[in-house]
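The structure appears right after this line, and notes come after that.
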Amino acid sequence: MNTTQKFSQQQIFDLLEEVKDPEIPVISVVDLGVVREVKYEGKKLIVTITPTYSGCPAMGVIQMEITTALLEAGIIDFEVRTSLSPAWTTRWMSEKGKKALKEYGIAPPLDNEGNESDLFGEMPAIQCPHCGSKNTGMTNRFGSTPCKSLHQCKDCLEPFDYFKCH
């Protein structure tokens with residue numbers, strides 16, 4: 001493919017939909033909201049990504065997977081940039097991504113813009129992704145990754161991760 005031929009922004013986003021989060025393989029980096037911007041500077045494609053947490057260990061893998069996807073599509077004049085500001089927020093997640101989390105057994109973030117009460121040990125009711133009960137409790141502020149907390153349903157007794165709002 002002629003590398004000077006520009007893919008549309010939508011074509012790039014569609015291509016990056018195939019890049020999955022290495023820690024949660026059912027959600028794409030686009031649906032997670034990690035891919036912040038796709039634009040051209042002259043003929044060079046710029047893909048800007050933002051980690052869910054600064055220091056997120058998955059970012060190196062995500063950058064490598066994006067690079068691989070672009071190269072396999074025949075795009076060679078590109079740069080993957082990491083931007084820490086503004087900080088990533090769960091508001092950037094798509095509804096499709098939230099649904100995929102729930103189906104995978106991870107409670108998606110609440111629809112609010114973050115909840116400061118969880119900083120003080122008080123959590124709003126988190127719905128169990130297994131049985132739908134809100135009779136749940138947090139067992140650990142950190143789940144399988146730093147962006148999640150560990151909860152347990154008091155009805156079905158299943159443990160589950162909750163994707164923290166921020």
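Only the coordinates and a few stated rules stand behind these numbers; no lab work does. All values reported here derive from a predicted model rather than from experimental measurement. No Cβ is skipped: glycine too gets one built from the backbone with ideal geometry, and neighbour counts run over all protein chains shown.
Some notes on this structure:
- Relative exposure of 50, 89, 68, judged by other C-beta atoms within 10 Å (fewest first): 68, 89, 50
- Rg and Dmax of region 126-166, both derived from C-alpha coordinates alone, stand at 9.4, 28 Å.
- Taking 4 °C and 1.567 mPa s as conditions, the chain diffuses translationally at an estimated 76 µm²/s according to Stokes-Einstein applied to its Kirkwood radius (Cα pairs).
- Charge dipole (Cα centre; +1 on Lys/Arg Cβ, -1 on Asp/Glu Cβ; no other charges) of region 9-88 amounts to roughly 280 debye.
- Amide H to amide H, with H built 1.01 Å from N, residue 82 comes under 5 Å of 49, counting only residues 5 or more places away or on other chains.
- Cut-off 20 Å, label 7 Å out along Cα→Cβ of residue 64, residues of region 133-149 by amide N: 145-146
- Of 6/43; 39/98; 102/148; 39/96; 96/134, pairs whose Cα-Cα distance is over 19 Å: 39/98; 39/96; 96/134
- 3J(HN,Hα) along region 145-160: 9, x, 7, 10, 10, 9, 10, 9, 7, 7, 9, 8, 6, 7, x, 7 Hz, from the Karplus curve 6.51 cos²θ - 1.76 cosθ + 1.60 with θ = phi - 60°, whole Hz, x for Gly and Pro.
- Phi-based couplings in Hz for region 18-33 (Karplus 6.51, -1.76, 1.60; Gly and Pro marked x): 7, 8, 9, 5, x, 8, 9, x, 9, 10, 7, 5, 6, 5, 6, x
- Look at 106, 76 and count the other Cβ atoms within 10 Å of each Cβ; fewest to most, that gives 76, 106.
- In a reduced charge model with +1 at each Lys and Arg Cβ and -1 at each Asp and Glu Cβ, the chain shows a dipole moment near 160 debye about its Cα centre.
- Ranked for footprinting exposure by Cβ neighbours inside 10 Å, fewest first, 160, 13 give 13, 160.
- Between residue 135 and residue 76, the C-beta separation translates, for a Förster distance of 45 Å, into a calculated FRET efficiency of about 0.25.
- FRET efficiency for residue 103 and residue 152, using Cβ-Cβ distance with R0 set to 25 Å, rounded to 0.05: 0.80
- Fluctuation leader among 43, 148, 20 - the chain, Gaussian network, Cα springs under 10 angstrom: 43
- The GNM of the chain, with springs linking C-alpha atoms under 10 angstrom apart, assigns the highest mean-square fluctuation among 34, 19, 61 to 61.
- Derived scalar couplings ³J(HN,Hα) [region 126-132; Karplus, 6.51 cos²θ - 1.76 cosθ + 1.60; whole Hz; x for Gly, Pro]: 9, 6, 5, x, 8, 10, x
- Of the DSSP H helices in the chain, those with a Cα length along their own long axis of 15 Å or more and a mean Kyte-Doolittle hydropathy reaching -1.0 comprise 59-72.
- Hull volume in cubic angstrom per residue (convex hull over the Cα atoms of region 9-88): 82
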